[in-house]
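Peer 1: Input: one structure, supplied below.
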Amino acid sequence: MSEIQVATQVIFYRVPGDDDALQLVREAHRLNLSPRWEVDDLIFDRSEYLKNTNIHVLKKKEQRGLLDGADLFRLCLLECGRGLASTAKLAQAMKNIGISDVAVVENALDGETLAVAKSLPQLSFREKEAIYICYGSGSRAHDVDFKEVQSGLIAAMKAEPRLRLRIIGSLTLSNAFESLQERIETISELSYAEYLSVLADSDIAIAPLEDTLFNDCKSNIKFLEASIVGVASVCSPANAFENVVRDGENGFLASSASVWQERLLALAQDVSLRHALATAARRDVLELYMPEKIARNQLFPLYGAPSAFTPEKMRILMANVFFAPRSFGGATIVAEAMVKPLQERQCEVSVLTCRPDLDQKPSGNIRYVACGADVLSVLPGRGASVDNPTIADDLARWADAWRPDLVHFHAIQEMGTAMLRLCQARQVPYVITLHDCWWLSDQLFLTKDDGSYHLDKKIHPKRSTYEHYLQARRAVARQGILGAAALLSPSEEHKRLYVNNGVPAERIFINRNGFCWPARPRRPREPGSLVRFAFVGGVGHIKGYELIQECMASLTQNNWELVLVDNTLNLGFPSIDPNELRVRGKVTVVPAYSQSGLDEFYDKVDVLLFPSQWRESYGLSVREALSRDVWVISTAPGGQSEEIVEGVNGNLIPITDKVGPLKKAVEALLQNPARFDRYTNPLKDRLPTYDRQADELVTLYKKILGR
C-alpha cells in the first residue's frame, strides 16, 4: 500500500484477486495509476485450462487449486481493466474475456542469465563419445508435454548409441524408456545458475509442448536460455517458438515423432550443424531479446522512455503532524494556508503528514490531494518518539519520488527528528518553524511534570524525573536544530525563549504567521445585547479554561453570554459540560468552526478570552479576532499579546493562575457594554497576512538555494 503511493505505474504480476489484492487494485485506480495485470501463462481462463491435459496428471486437490486460482486471476485482471502479456496469443486470450487494452512485452534475457552465460567457459564443438539431450521440467504437469517428443526421442536414442538424455527437474518417464535407463540421468534441486551451467554442458536442448491454446500462449524462454549458453534447440511449433525459430537456420521445429527423430539424429550426427544452429540462435536472441532492445521496442512505446527530471519551479516539501482533512492546531492551519500563496509565487508544494492507524488491511501510507498539494499521510508507528526512524524512511520514499529542493518542517511531534538527519545525509537543505516548545522540552507548552508552567525563562532538564531521557532528547533535537539552513519564529517573544536556551539569535528569523482575514464586513451588533465572550482553547489547563470557569462563576452580573468552542464535538464526543459552570450569565457550547466559518463565528462575539498559562509562540485566534473587530483579553508576555495595545484593542493581564486580573478586566467591560455597539479595531493595519508571510518565505528559500 505504501509503495503504490509513490509509484507512477503499477503492474500486478500474476496476482490473484483476493481481498488484499483487490484493495490495492482499487487504490491504484484511486490514484489514477491505470494498473495493468501481467502474466506469461494462460492461468486466468478456467475453460482453456481444462483443455490442457497436463492438468489431469495432478491430484484432484491440486487441480481444484489451479482452477479456483484461475477464477481469482481472472477477477484481478478484470478489476485492473488493462492487461500485459508476454505473447500475442496470450494478449488475444485477455481480449477474449473483455479486456480491450492489452499490451505485449515479451520475456527478455535478464541480467542474471547474461552474467551466468558470460561466466561459462567457451564451448568447443567437436565430436564426442556422449551427446547429451537436455530437458528442463518445471513440475509434474510437464509429463504430458514430454509425450510429444517421447517416441521420436526413443527412436533417435536407439539409432544413435552416443545419445544420452539429461533431465533437470521432476519428470515421470514411461516404461518405454526402460531399456535406455543406463543412458538417462536426472538432476534436481539446482539453483538457476547451476541449471544454466548444466544446460550449457549439454549438446542439444528440447522444448516439447502439447498442441493447445494454453501452450500457444507460453513464451519462448526455453529457447532463449539454450541459445544464450550456446546450445542448439529442437522445439514444438508453439506460437512463441514459431516467432523466433527459423527452422534449419537457428534451430529446429518438430511436430511429429518422425520429425523429432529426424531432427535429433541430424544434430547428434553433425557437429558442424549443431555449431551453426547454436551460433545463429545466440546471435538472434542477443539481437532480439536483450533487455535494452525489449525496453526500447516494447516498453518505451507503452510507458515512455526515461527522461531527466528538470523542474522549473522550486519544489518545497512541507512536513506537519496534521494536515487536511485532519486539520488540528495553529501550525496546521498555517501549513495548509501557505500552499496556495507559495504556488502563486512559482513554488511546487507537497506535504508529508501523519494519518491515524485505523487497522485497515492492508495498512499503509495514503496519498491524496488537499489544499491543492500532493499529500503523503504516513503511519506514525506505535510509541513514536522524538527520533522515529520509521517516518524518516517514509520521507526518503517520498523524497525519492517527489525530489524536493528544500524541506520545511512545521510541527513534527510524533514524526521525529530522524527526518532531519536524513536531509543532512542527502544534503537537502531544510528550515524549521518553531511553532511551539517541542524542540526544547518534552512538553509542547513548557510545563513541568506536574503540569504547571515554567515561569522562568530557561528550561532545566534536571528538574524532571526523566533527567537522562530529557538530556538525550535535547541532544537529538539540538542536532536537528543546528543542522537547519534557517530557523523561523512566529514572534519576537518566542525567539527570545529559544535564544535564552542556547540557540544562536542570528539563526532565527521572524516570520509572523498570516491568518484568514474576514471575507466581508462584520455584521452590526444589536444595541442592548448581552456582552458575548468566547473561549476557543479547549479544556486544557494550559489554555486557562479552569481560570475562566472560576472567573465567570464569581461574577455578580448576568448581562453576558459565554460561548465555549468544544473541538471534540467534531470527533463525535463532547469534552465540555455546560452544567459544570454555575454562573448567572448564559453559557453556550458550539463545535469547532472551520476557516470558512470564522466570519460567522466572530459576528456573534464581542470579546475573546485568551488567558493562556504560558508564553504562546503566536496566538492565531487572537489575530483572527482582532481583524474582525473583536476585543481581546489576553495574558502577557507571549507572542499572543504582541498585537494588543492596552485599552485600545484589548486588555493585557499577567500570566497567573490567580483569577483576580482576569475578573477585573471582564467586570470593567461589563460596566460599559454599549462600547461594543460600534467598536472597530483601529490597529488592524499592523496585523500580518499570508501574502506577506509567503513573500518572506520565498525570499528565504531562494537565498538558501542560491536562486
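The values are calculated or read from the model by the stated rules, or taken from the named source; none is laboratory data. Note that the structure is a prediction, hence the values are computed from the model and not measured. Cβ sites come from the backbone with ideal geometry, for glycine too, and all protein chains shown count toward neighbours. Areas reflect the complete protein model, heavy atoms only, side chains present, ligands, DNA and RNA absent. Shrake-Rupley method; radii C 1.70, N 1.55, O 1.52, S 1.80 Å.
Peer 1: Is there a residue in the range 574-582 that is within 28 Å of M338 (Cα to Cα) and among the β-branched types (V, I, T)?
Peer 2: Scanning the range 574-582, I find no residue that is within 28 Å of M338 (Cα to Cα) and among the β-branched types (V, I, T), so the answer is no.
Peer 1: Evaluate the following for S202: is it surrounded by 19 or more Cβ atoms within 10 Å (Cβ to Cβ), in contact with a strand residue (DSSP E or B) (Cβ under 8 Å, 6 or more places away or on another chain) and without any contact (Cβ under 8 Å) to a residue 60 or more places away in the chain? Steps first, answer last, please.
Peer 2: Values: surrounded by 19 or more Cβ atoms within 10 Å (Cβ to Cβ): yes; in contact with a strand residue (DSSP E or B) (Cβ under 8 Å, 6 or more places away or on another chain): yes; without any contact (Cβ under 8 Å) to a residue 60 or more places away in the chain: no.
Considered against the rule, which asks whether it is surrounded by 19 or more Cβ atoms within 10 Å (Cβ to Cβ), in contact with a strand residue (DSSP E or B) (Cβ under 8 Å, 6 or more places away or on another chain) and without any contact (Cβ under 8 Å) to a residue 60 or more places away in the chain, S202 comes out as no.
Peer 1: Across the range 577-592, which residue is farthest from the chain's Cα centre (by Cα) among those that are within 14 Å of A534 (Cα to Cα) and open to solvent by less than 90 Å² (accessible area, probe 1.4 Å)?
Peer 2: Once the filter is applied, the top-ranked residue is G585.
Peer 1: Identify, please: which residue in the range 593-609 is at pLDDT below 90 and either touching a helix residue (DSSP H, G or I) at 6+ places or on another chain (Cβ under 7 Å) or in a helix (DSSP H, G or I) (or both) and is, among those, surrounded by the most Cβ atoms within 10 Å (Cβ to Cβ)?
Peer 2: Per the stated criteria, the residue is Y593.
Peer 1: Report whether or not N567 is under 20 Å from L662 (Cα atoms) and touching a Gly at 6+ places or on another chain (Cβ under 6 Å).
Peer 2: no
Peer 1: Only one of R496, R473 is within 24 Å of C423 (Cβ to Cβ) and either assigned to a helix (DSSP H, G or I) or at pLDDT 95 or above (or both). Can you tell me which?
Peer 2: Of the residues listed, the single one that is within 24 Å of C423 (Cβ to Cβ) and either assigned to a helix (DSSP H, G or I) or at pLDDT 95 or above (or both) is R473.
Peer 1: Does E550 satisfy the condition of being among the acidic types (D, E), open to solvent by 60 Å² or more (accessible area, probe 1.4 Å), touching a residue at least 24 places away in the same chain (Cβ under 8 Å) and in contact with a helix residue (DSSP H, G or I) (Cβ under 8 Å, 6 or more places away or on another chain)?
Peer 2: No, not satisfied.
Peer 1: Continuing with this model, one more query. Would you mind stating whether G65 is at positive phi and either under 31 Å from the mean Cα position of the chain (by Cα) or loosely packed, with under 15 Cβ neighbours inside 10 Å (or both)? Even if it seems obvious, please write down each step before you answer.
Peer 2: Working: at positive phi: no; either under 31 Å from the mean Cα position of the chain (by Cα) or loosely packed, with under 15 Cβ neighbours inside 10 Å (or both): yes.
No.
Peer 1: Considering only residues that are in contact (Cβ under 8 Å) with a residue 24 or more places away in the chain and in a loop (DSSP other than H, G, I, E, B), which ones fall in the range 689-707?
Peer 2: T689, R707
Peer 1: Taking the range 11-41, which residues are part of a helix (DSSP H, G or I) and touching an Asp or Glu at 6+ places or on another chain (Cβ under 8 Å)?
Peer 2: Our first condition is that a residue be part of a helix (DSSP H, G or I); within the range 11-41, this holds for 19-30.
Answer for the range 11-41, where residues must be part of a helix (DSSP H, G or I) and touching an Asp or Glu at 6+ places or on another chain (Cβ under 8 Å): L22, V25, R26.
Peer 1: E194 versus (1) among the charged types (D, E, K, R); (2) surrounded by fewer than 21 Cβ atoms within 10 Å (Cβ to Cβ); (3) part of a helix (DSSP H, G or I); (4) in contact with a Leu (Cβ under 9 Å, 6 or more places away or on another chain): which is the lone unmet condition?
Peer 2: If we test E194 against (1) among the charged types (D, E, K, R); (2) surrounded by fewer than 21 Cβ atoms within 10 Å (Cβ to Cβ); (3) part of a helix (DSSP H, G or I); (4) in contact with a Leu (Cβ under 9 Å, 6 or more places away or on another chain), just (4) comes out false.
Peer 1: Only one of (1) touching a Phe, Trp or Tyr at 6+ places or on another chain (Cβ under 8 Å); (2) open to solvent by 40 Å² or more (accessible area, probe 1.4 Å); (3) modelled with pLDDT of 95 or more; (4) not in a helix (DSSP H, G or I) fails for R263. Which number is that?
Peer 2: (4)
Peer 1: Under 6 Å between Cβ atoms, at least 6 apart or on separate chains: pull out the pairs that start in the range 655-674 with a residue that is open to solvent by less than 60 Å² (accessible area, probe 1.4 Å) and end on any residue that is among the acidic types (D, E).
Peer 2: Cβ pairs passing all conditions: V659/E550.
Peer 1: Enumerate the pairs (first residue in the range 24-36 and touching a residue at least 40 places away in the same chain (Cβ under 8 Å); second residue anywhere and surrounded by 15 or more Cβ atoms within 10 Å (Cβ to Cβ) and among the polar types (S, T, N, Q)) with beta-carbon separation below 8 Å, excluding pairs fewer than 6 apart on the same chain, so at least 6 apart or on different chains.
Peer 2: L31/Q5
Peer 1: Continuing with this model, one more query. With respect to N558, determine if the residue is without any contact (Cβ under 8 Å) to a residue 40 or more places away in the chain, open to solvent by 20 Å² or more (accessible area, probe 1.4 Å) and in a loop (DSSP other than H, G, I, E, B).
Peer 2: yes
Peer 1: Quick one: which of T353, T332 is modelled with pLDDT of 95 or more, open to solvent by less than 30 Å² (accessible area, probe 1.4 Å) and either outside any loop (DSSP other than H, G, I, E, B) or in contact with a helix residue (DSSP H, G or I) (Cβ under 8 Å, 6 or more places away or on another chain) (or both)?
Peer 2: Matching residue, one of T353, T332: T353.
Peer 1: Take the residues in the range 104-127 that are surrounded by 17 or more Cβ atoms within 10 Å (Cβ to Cβ) and of a type in the set (G, A, S), then tell me which one is nearest to I294 (Cα to Cα).
Peer 2: That would be A108.
Peer 1: Also, I was wondering about something else. What number of residues in the range 620-654 are open to solvent by less than 10 Å² (accessible area, probe 1.4 Å) and small (G, A, S)?
Peer 2: 6
Peer 1: Specify the residue that is farthest from G152 (Cα to Cα); the eligible residues are those in the range 216-239 that are open to solvent by 10 Å² or more (accessible area, probe 1.4 Å), of a type outside the set (V, I, T) and part of a helix (DSSP H, G or I).
Peer 2: Filtering the range 216-239 for residues that are open to solvent by 10 Å² or more (accessible area, probe 1.4 Å), of a type outside the set (V, I, T) and part of a helix (DSSP H, G or I), the one farthest from G152 (Cα to Cα) comes out as E225.
Peer 1: Ok, one more. Determine which single condition I459 fails, assuming it passes every other condition in (1) modelled with pLDDT under 85; (2) of a type outside the set (S, T, N, Q); (3) open to solvent by 60 Å² or more (accessible area, probe 1.4 Å); (4) in a loop (DSSP other than H, G, I, E, B).
Peer 2: Going through the list (1) modelled with pLDDT under 85; (2) of a type outside the set (S, T, N, Q); (3) open to solvent by 60 Å² or more (accessible area, probe 1.4 Å); (4) in a loop (DSSP other than H, G, I, E, B), I459 breaks only (3).
Peer 1: When the range 295-316 is examined, which residues are found to be open to solvent by less than 40 Å² (accessible area, probe 1.4 Å) and in contact with an Asp or Glu (Cβ under 6 Å, 6 or more places away or on another chain)?
Peer 2: Matches in the range 295-316: M314, R315.
Peer 1: If you scan the range 141-173, which residues turn out to be part of a loop (DSSP other than H, G, I, E, B), within 19 Å of I131 (Cβ to Cβ) and either of a type in the set (V, I, T) or touching a residue at least 40 places away in the same chain (Cβ under 8 Å) (or both)?
Peer 2: Within the range 141-173, E160, R162 qualify.
Peer 1: With the checklist (1) over 20 Å from L286 (Cβ atoms); (2) at pLDDT below 95; (3) of a type outside the set (D, E); (4) open to solvent by 40 Å² or more (accessible area, probe 1.4 Å) in hand, flag the one item N243 doesn't pass.
Peer 2: Only one criterion is unmet by N243, namely (1).
Peer 1: Return the residues of the range 514-538 that are more than 30 Å from L488 (Cβ to Cβ) and not basic (K, R); say none if nothing qualifies. Reasoning before the result, please.
Peer 2: Residues of the range 514-538 more than 30 Å from L488 (Cβ to Cβ): 520-533.
Passing the criteria: P521, P524, E526, P527, G528, S529, L530, V531, F533.
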